[in-house]
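The values are calculated or read from the model by the stated rules, or taken from the named source; none is laboratory data. What you see is a predicted model, and the numbers here were worked out from it, not measured in a lab. Cβ placement follows ideal geometry from the backbone for every residue including glycine, while neighbour counts extend to all protein chains displayed.
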């Protein structure tokens, strides 16, 4: 579901998933080529993401992309979360918004690493 332009600023400055959720047992932190990072934290119950949070030092689009990734991951099984693509994140932005492709790619890469951590500890 696309976010309306007016909502972007609110989401960027009051992101619902920013921070480390209590009980998050799995995480991954990945740096982009510019030295900036995205870190995801997951709590997984019976193979389903029950909590997701993030930290990033990428302003505005980084916060938005990470928030959108967390929203997509919540309530999904690990296979579905692993299959998320930058397109899933970019589809949330309003039409005409300059697509932050590199940031969406970094979020997806980080998310896959967090899922991998959860899968490795579960096996």
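Report yes if some residue within the stretch 78-90 is in contact (Cβ under 8 Å) with a residue 40 or more places away in the chain and either loosely packed, with under 12 Cβ neighbours inside 10 Å or more than 15 Å from residue 118 (Cβ to Cβ) (or both); otherwise report no.
no
Being in contact with a helix residue (DSSP H, G or I) (Cβ under 7 Å, 6 or more places away or on another chain) and touching a residue at least 12 places away in the same chain (Cβ under 8 Å) is true for just one of 41, 68, 93. Which residue is that?
Selected residue: 68, the only one of 41, 68, 93 that is in contact with a helix residue (DSSP H, G or I) (Cβ under 7 Å, 6 or more places away or on another chain) and touching a residue at least 12 places away in the same chain (Cβ under 8 Å).
Could you check how many residues of the stretch 71-112 are outside any helix (DSSP H, G or I) and either farther than 19 Å from residue 51 by Cβ or out of contact with any strand residue (DSSP E or B) (no Cβ under 8 Å at 6 or more places or on another chain) (or both)? So that I can check it myself, show each step before the final result.
Step one: of the stretch 71-112, the residues outside any helix (DSSP H, G or I) are 74-77, 83-85, 91-100.
With either farther than 19 Å from residue 51 by Cβ or out of contact with any strand residue (DSSP E or B) (no Cβ under 8 Å at 6 or more places or on another chain) (or both) added as a condition, the list becomes 83-85, 91-100.
Adding up the residues that qualify gives 13.
Looking at the stretch 18-38, I want the residues that are within 16 Å of residue 61 (Cβ to Cβ) and have a partner that is in a strand (DSSP E or B) and at pLDDT 95 or above with Cβ atoms under 6 Å, at least 6 apart or on another chain. Which pairs are those?
37/29; 37/31; 38/56
Here is a check on your reading of the model: is residue 44 assigned to a strand (DSSP E or B) and modelled with pLDDT of 95 or more?
yes
State all residues of the stretch 44-65 that are touching a residue at least 24 places away in the same chain (Cβ under 8 Å), surrounded by fewer than 19 Cβ atoms within 10 Å (Cβ to Cβ) and within 17 Å of residue 109 (Cβ to Cβ); if no residue qualifies, say none.
Of everything in the stretch 44-65, just one residue is touching a residue at least 24 places away in the same chain (Cβ under 8 Å), surrounded by fewer than 19 Cβ atoms within 10 Å (Cβ to Cβ) and within 17 Å of residue 109 (Cβ to Cβ), namely 55.
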